[in-house]
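To start, the structure itself, in structure tokens.
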Amino acid sequence: MPPIRFADISWPSTGRYWLASAHVPACLTEGGAAALAPADAEGVVAVDLMVADGKIARIVPPAAAREEGIERVDLGGRQVWPTLIDIHTHLDKGHTVARSPNPDGTFANARLAAAADRPNWTAADLRRRMEFGLRCAYAHGVTGIRTHIDTYPDNFERSWAVLREVRDEWRGRVDLQAVALCPIPLFADTFGDQVAAVVAQSAGLMGGVTRAAIGNHGATLDHIDVLLDRLFALAARHGLDVDLHVDETHDPTSATLPFVAQAALRHGYKGRVVCGHCCSLAMQPDDVIDRTLDLLAEAEVAIVTLPTVNMYLQDRTAGRTPRWRGVTVVQEMLRRGIRVAAAGDNCRDSFYAYGDHDVLDTFRQAVRIAHLDHPLAGTPAIVTATPARFGNFAGHGRIATGAPARLIVLNARTLNEVVSRPQSDRVVIDRGARLAAQPPEYSELWETEGAV
């Protein structure tokens, strides 16, 4: 009998059923599922999953259970993943590219275009664009998002108020976290106290950019230790974790990452700090990289690589082909046991003109850009289990007995097939029920794209 076609699968109509003949990456399982069957060369195991009352009730070897009266969905060996985590996004900037384009695609003009557009960010505008992004992400199978929120004196109260409203409305579909974002020198005065209070009220994270308030990433800031001590003191006062934008440049003299790790150790923040980008580390001498990785491992700093956006922005000069891919030293970090995730970052704004909040697309591109293949085993964790763990997204990112049945079924038997096609026909299951949501049409944004 030929394998069942994906389009011909009859999806369950009951609250209790088996997903039979599933292939699950072992790195995404918990509770001994990997011990039920040997993993293949890609680190994938064959199992049957029982879903009941919105949870994963049982995980057994293929064909081990045949209970009468329970619907069976034969997947024919196709991949089942937990839903995805986008641990670094910018929902407040998203979908502004038409009204505030970046004229040359450079980082400098990205910043200028975003700042020029910020006066358009009324509560209604923010809500419309943030919800558009969330609807895209949810339809693609993303159920946990951490968004960085531009946090400046002229906008922070309004933006954080909208964030709280949208987060509460989306609770139960997409779990939404938020991080304050501005250059860390702005926290030096009373504005820092105001921001920390609002972030605490919003159950968010302290964040920021380790560059000067005016200008791009470059030579390490004067008094960087003082600025970081101030940020960590604010975070500690309110019991907040820290998530920073660090060294987003090709300039090797931008080297604030080791200072962040040292500050984490000084302030007792071991395991509570995330750093995104860290691009310039890849341009530094090997001995400097090794010392920095030693500090990151000691401080248990987690790293987020943003492969699509970093490749878009870094090493960009008009009329010149880029010479490097813009990403940090992901493979070296993973070998050290440093926790690394990949995320989508910007979406259709001045920092990245493209995207659709699809973290599976981010995964596929990360594999290619950072050479996270040969073997592929373990790689799916960078958009699921790893960010769920260090981002404190409970109930996400793992396939485990008793966990919520928040799953993605892919029309692919192998990880090679997952990476090779966009999986636009994926089926998303949320708490046991097939999700009917589709990404919204761009026409919903057209009337606002001409705003000035």
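Of all the listed residues (77, 31), the sole one being under 24 Å from residue 431 (Cβ atoms) and either assigned to a loop (DSSP other than H, G, I, E, B) or at pLDDT below 90 (or both) is 31. Close Cβ contacts (under 9 Å, 6 or more residues apart or on different chains) running from residues in segment 349-366 that are within 21 Å of residue 111 (Cα to Cα) and among the aromatic types (Phe, Trp, Tyr) to residues that are in a helix (DSSP H, G or I) and open to solvent by 20 Å² or more (accessible area, probe 1.4 Å) comprise 351/107; 351/111; 351/312; 352/312; 354/312. Residue count for segment 105-115, restricted to those that are out of contact with any Ser or Thr (no Cβ under 6 Å at 6 or more places or on another chain) and surrounded by 14 or more Cβ atoms within 10 Å (Cβ to Cβ): 6.
Inspect segment 425-442 for any residue being surrounded by fewer than 23 Cβ atoms within 10 Å (Cβ to Cβ), within 30 Å of residue 326 (Cβ to Cβ) and acidic (Asp, Glu) and give the result as yes or no. No, every residue in segment 425-442 fails to be surrounded by fewer than 23 Cβ atoms within 10 Å (Cβ to Cβ), within 30 Å of residue 326 (Cβ to Cβ) and acidic (Asp, Glu).
Could you look through segment 268-284, keep only residues that are assigned to a loop (DSSP other than H, G, I, E, B) and over 20 Å from the mean Cα position of the chain (by Cα), and pick out the one that is nearest to residue 254 (Cα to Cα)? For segment 268-284, the residue satisfying everything is 284. Just one of (1) assigned to a helix (DSSP H, G or I); (2) crowded, with 18+ Cβ neighbours inside 10 Å fails for residue 287. It is (2). Inside segment 196-219, residues that are crowded, with 17+ Cβ neighbours inside 10 Å and either aromatic (Phe, Trp, Tyr) or modelled with pLDDT under 65 (or both) make up a count of 1. Within segment 105-128, restricting attention to residues that are among the polar types (S, T, N, Q) and not in a loop (DSSP other than H, G, I, E, B), the residue that is nearest to residue 316 (Cα to Cα) is 109. With the structure loaded, tell me whether residue 208 is in a helix (DSSP H, G or I) and either closer than 24 Å to residue 262 by Cβ or in contact (Cβ under 8 Å) with a residue 60 or more places away in the chain (or both) or whether it fails that test. No: the conditions fail for residue 208. In this structure, is residue 102 open to solvent by 10 Å² or more (accessible area, probe 1.4 Å), within 20 Å of residue 277 (Cβ to Cβ) and either touching a helix residue (DSSP H, G or I) at 6+ places or on another chain (Cβ under 7 Å) or part of a strand (DSSP E or B) (or both)? Judged against the criteria, residue 102 is a match.
Among the conditions (1) out of contact with any helix residue (DSSP H, G or I) (no Cβ under 8 Å at 6 or more places or on another chain); (2) surrounded by 17 or more Cβ atoms within 10 Å (Cβ to Cβ); (3) at pLDDT below 95, the only one that residue 136 does not satisfy is (3). Among the residues of segment 48-69, those identified as part of a loop (DSSP other than H, G, I, E, B) and either open to solvent by 20 Å² or more (accessible area, probe 1.4 Å) or within 20 Å of residue 418 (Cβ to Cβ) (or both) are 53, 61, 62, 63, 64, 66, 67, 68, 69. Scanning segment 300-355 for residues that are of a type in the set (Ser, Thr, Tyr) and either outside any strand (DSSP E or B) or under 18 Å from residue 260 (Cβ atoms) (or both) yields 305, 308, 312, 321, 328, 350, 354. Within segment 70-90, the set of residues being under 22 Å from residue 145 (Cβ atoms), touching a Leu at 6+ places or on another chain (Cβ under 7 Å) and either open to solvent by 20 Å² or more (accessible area, probe 1.4 Å) or not polar (S, T, N, Q) (or both) comprises 80, 81, 82, 84, 88. Among the residues of segment 381-395, those that are more than 12 Å from residue 30 (Cα to Cα) and open to solvent by less than 40 Å² (accessible area, probe 1.4 Å) comprise 381, 382, 383, 384, 386, 387, 388, 390, 391, 393. Restricting attention to segment 139-175, the residues that are of a type outside the set (Phe, Trp, Tyr) and open to solvent by 20 Å² or more (accessible area, probe 1.4 Å) total 15.
The values are calculated or read from the model by the stated rules, or taken from the named source; none is laboratory data. All values derive from a computational prediction rather than experimental measurement. Backbone-built Cβ (ideal geometry, glycine too); neighbour counts: all protein chains shown. What goes into the accessible areas is simple: the full protein's heavy atoms, side chains included, and nothing from ligands, DNA or RNA. Shrake-Rupley method; radii C 1.70, N 1.55, O 1.52, S 1.80 Å.
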